[in-house]
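Please treat every number below as a calculation from the coordinates, not as lab data. Everything numeric here is computed off the predicted structure, so don't read it as measured data. Neighbour counts run over all protein chains shown; Cβ positions are idealised from the backbone, glycine included.
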Amino acid sequence: MRKSLSAIALVLAVGGLAAPAFAQMQGYLPRRLTSDDMTILRAEAAKLGPDGPKEQAWQNPKSGNSGVVTFLSAGTKNGMSCRLFRYTFHTGTPQDGTPYELNWCKTSAGKWAIVS
């Protein structure tokens, strides 16, 4: 089963998720993800793109959580530059291995947001 979170209106500030977005995003992702997990995940996802690596594993020794982020595609939507990513997590919950897909687009304000 694939969970699509593309309709969630979260903002990714240039260089990272804003603190309120962490809380919203964590409400839809496995509950055992920590803010440290999200920081590690964000850093690994930033390494991916159309001209670079397509997949990156991540692990947080403090929480024991891990996963994989995969760059799927780049394109445009409503004039915005967009990137589609798939996230899978291993947190010791029943949702382990469930892929989550997020379509991030760069808004005219220069911020990244999840769009449908």
Qualifying positions in the range 74-99 - in contact with a helix residue (DSSP H, G or I) (Cβ under 9 Å, 6 or more places away or on another chain), under 18 Å from S63 (Cβ atoms) and not polar (S, T, N, Q): Y87, F89
In the range 63-97, residue farthest from the chain's Cα centre (by Cα) [restricted to those that are closer than 16 Å to L41 by Cα and β-branched (V, I, T)]: T91
Condition check for L48: buried (at least 16 other Cβ atoms within 10 Å of the Cβ) and outside any strand (DSSP E or B): yes
Verdict on K77 being touching a residue at least 12 places away in the same chain (Cβ under 8 Å), basic (K, R), exposed (fewer than 15 other Cβ atoms within 10 Å of the Cβ) and farther than 21 Å from K54 by Cβ: no
